[in-house]
1. With label points built 7 Å along Cα→Cβ from the Cα atoms of ASP278 and ILE32, find their separation and express it in nm.
2. Say a paramagnetic label sat at a point 7 Å from the Cα of ASP43, along Cα to Cβ; which residues of the stretch 128-149 have their backbone N under 17 Å from it?
3. Using a 7 Å offset from the Cα along the Cα-to-Cβ direction at both ASP259 and ALA138, what is the distance between the two label points in nm, to one decimal?
4. At 1.4 Å probe size, put ASP286, ASP142 in order of accessible surface, largest to smallest.
5. Provide the packing ranking of 21-34, 241-254, i.e. peptides ordered by the mean count of other C-beta atoms within 10 Å per residue, highest first.
6. Report in % the part of the accessible area of the stretch 282-344 that belongs to carbon and sulfur, leaving out ligands and nucleic acids; probe 1.4 Å.
Amino acid sequence: MTAASVDERRGGDGIRWVGLIIPLVILLLGAIVVVILIPHVPDPAAVHWSGDGKPDGFASPWLNLLPVGIGVVLVILFAWLARALPRLQQTRPGPAALSQGPAPTASTARFLAAVNLGLAVMLTVISIASMGVQLGVADAADAPDISGWAAVGSACAVVATLVGWFAQPAASDGDHRAVSVEPSASGRTEWSGSVVMARSGQVLLGIGVLITVALTAVLVARASLTGSWGSAVLMIGVTALLLLAVGTSLVFRVRVTSDGLRVRSVVGLPSTRIRLSDIAKVEVLDVDPLRDFGGWGWRIAVDGRRGVVLRAGRALQVTRISGRRFAVTVDGADDAAAVLEGLRQASSAAR
């Protein structure tokens, strides 16, 4: 058995235990505790608390199993994704001039598994706490505030995620190759282009927006009847931030000039500017948004690399003098890289 296959097997075992088996066991234990507590809480029980800490939603106490059920679905989904990501890594042969660096594929899988552990812990704590605070209460409306337990659950989730990360073997991502480019023979001193988010990314973002808007509408309608606006106001803020994030991530302009590289959303922000004097290397590589960056838009990968990745395909990648890397997927990435490399070499020769 080769070292690579051993690393792959160890990584798979880590994902399976940290990202699937242990989280499901935690959720199952949480569900058992909730079921045991059901006869000892009011019926109807409190199933939702308002922003001021008072219960404002009541239903069957069995509904407090919902966070656990959601956790099971998310854990299975993320675990499947974590196991599938390494298989998506393609071996890209290339000439001797290819430079090698770590790809974030296995690191992303390791991260997803760790998040699963934290998610299971948080949802289990919240489910049990929502029942525990109602023990001995005659009327669920008199149940105490649960926000303190929500904070405890969040803190436990952070700790569990860190434990899940370090409990897994260090990721071995293999070779992720980027082609070093030659300066443009035409002597061009400018290049510009644009990139639009891929249809698959637009669909996923659209679904997320629709779900969020629908949930916000429901909370606003309920708040108008009950007079409790805490959750509704929070969701309105979340929806506004989501719409802003989506609106600024659909289209980006890419420009190469004597000032360096400029990548900016059509609405102005976010914007990235890298001066020629700060560029150590210019490369071109193939990028898959989900595999390499965990999604579409302005992203930060697990390995620290930043990028504007709106679709799969060729990307211009710049390595700063500090070692930080920035990638942008754009049509004509090879031409853009050639122009930028020519300007970089000319700037270096002039200094």
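The values are calculated or read from the model by the stated rules, or taken from the named source; none is laboratory data. Because the structure is a prediction, the values reported are computed rather than measured. FYI the Cβ positions are ideal-geometry reconstructions off the backbone, even for glycines, and counts take in every protein chain you see. Ligands, DNA and RNA are stripped out before the accessible areas are found, and what is left, the full protein with its side chains, is counted by its heavy atoms. Shrake-Rupley method; radii C 1.70, N 1.55, O 1.52, S 1.80 Å.
1. Output for this residue pair reads 5.5 nm.
2. Under 17 Å, as judged by backbone N against the label point of ASP43, lie 131-132, 134-141 of the stretch 128-149.
3. Taking the two extended label points, one gets 7.2 nm.
4. So, going from the largest accessible area down, we get ASP142, ASP286.
5. Ranking the peptides 21-34, 241-254 by packing returns 21-34, 241-254.
6. Details: 920 of 1960 Å².
Accessible surface attributable to carbon and sulfur in the stretch 282-344 totals 47 percent.
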